[in-house]
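S.K.: Supplied in structure tokens, the structure appears directly below.
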């Protein structure tokens, strides 16, 4: 990126365009404008898929070298390869590796963080980015130069995927960007980050401690009584290129409010729930919802973590918050949750510059006014 006075923070849409023009982000075929979001870029699946024996990390090796390193029996991690130029099936419970179309040539002061897109998380598709010589998923070190890969594990549904589909997104960040609690409290005082219904949540009720906490809604907001959904194990294949195509009842069991406003989460079942509060992300900031685990590890919430500038906020604060949809999986033992229980935490990061566009229908965003929402492949209502 060109030498100039650059501010720390998450790179905005116009800076991402500049990075593409300068070859910091490159791809074949060229990157399309639709991939560029207010604070991230969608990464596209390439034409080849490797079906793997297991998950892995390359540690100090290039990804493809690790992939083809023989084990004690002389076999490598690849069971077979598949071309998805015209589409291909990824089976539930199987691990795949897909080389992405995009590559990086990052400056020494810019690092990256990847996350599943909202639709990916809501379909219970476990997707993590892997890079060469890196012992961590989803974290791309400053100065990285090389290819990008995504590990994919469909957990609830068998899916059909095609080259060019985006499962994950990438944020680039220069320097330290995360707001400390004192700065986050000041931001909340100015912009009221959480709403309860149509009213801003009083400051005394906003819990900030190494991030902003939110709770779960087990009451619901409409007359249907539906507070969430649980995935069905035996269902049809979901084609990720379809929009508004599938009937929800063929894939999901609705969960209804009970008289105690509680819910018992069964081990290894997948649930879609909603936050009690409505979250707002002002235009000069981005947020990330991190996996929240209670101390003994029985519960994990939220696969898909990025919240773009303007989410639940609009351009000038005209939107009074949007519910966060939570992807939830319990582990080991049944786990009871109650209405209003702490369920997730968000980190806020400052943008390096104000983005030219913000989250919302004008740029094709799908979930600005969501309540309890399934992914865009399902029919509304």
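Bear in mind these aren't lab numbers, they're just calculated from the coordinates by the rules spelled out. None of the values given here were measured: they were computed from a predicted structure. Cβ atoms come from the backbone with ideal geometry, glycine included; neighbour counts cover every protein chain shown.
S.K.: Need one number: convex hull volume per residue for segment 161-265, Cα atoms only, in Å³. Could you put the intermediate results ahead of the total?
M.R.: Values: hull volume 22.1 nm³, N = 105.
Roughly 211 Å³ of hull volume per residue.
S.K.: Taking the chain as a Gaussian network, Cα atoms linked when under 10 Å apart, which of 189, 85, 259 shows the biggest mean-square fluctuation?
M.R.: 259
S.K.: Mind ranking 166-178, 99-111 by how tightly packed they are, going by the mean number of other C-beta atoms within 10 angstrom, highest first?
M.R.: Values: 166-178: 21.0, 99-111: 17.9.
Output ranking for 166-178, 99-111: 166-178, 99-111.
S.K.: Of 121, 18, 228, which is the most mobile in a GNM of the chain whose springs link Cα atoms less than 10 angstrom apart?
M.R.: 18
S.K.: Next up: Expressed in whole Å with the largest first, what are the equivalent ellipsoid semi-axes of the chain derived from the C-alpha gyration tensor as the square root of 5 times each eigenvalue?
M.R.: With the √(5λ) rule applied to the chain, the semi-axes are 31, 28, 19 Å.
S.K.: Connecting C-alpha atoms closer than 10 Å in a GNM of the chain, tell me which of 350, 230, 260 has the biggest fluctuation.
M.R.: Sorting by GNM fluctuation, first place goes to 260.
S.K.: In whole angstrom, how long is each semi-axis of the equivalent ellipsoid of segment 181-363, when you take the square root of 5 times every eigenvalue of its Cα gyration tensor and sort them from largest down?
M.R.: 28, 21, 16
S.K.: Counting helices only, and only those DSSP H runs with n ≥ 4, report the 222 nm mean residue ellipticity of the chain as the sum of -39,500 (n - 2.57) divided by its residues, in deg cm²/dmol to the nearest 500.
M.R.: Values: 4 runs with 30 residues, N = 381.
Dividing the helical sum by the residues of the chain leaves -2000 deg cm²/dmol.
S.K.: Taking the number of other C-beta atoms within 10 Å as the exposure measure, put 144, 285 in order starting with the fewest. Don't skip to the end; give the middle numbers.
M.R.: Details: 144 19, 285 27.
Ascending number of Cβ neighbours within 10 Å: 144, 285.
S.K.: What relative contact order, as a whole-number percentage, does segment 9-174 give when Cα pairs under 8 Å and 6 or more residues apart are counted?
M.R.: Relative contact order of segment 9-174: 33 percent.
S.K.: Modelled label-to-label distance, residue 205 and residue 136, 7 Å Cα→beta-carbon offset: nm?
M.R.: For residue 205 paired with residue 136, the spin-label model returns 3.6 nm.
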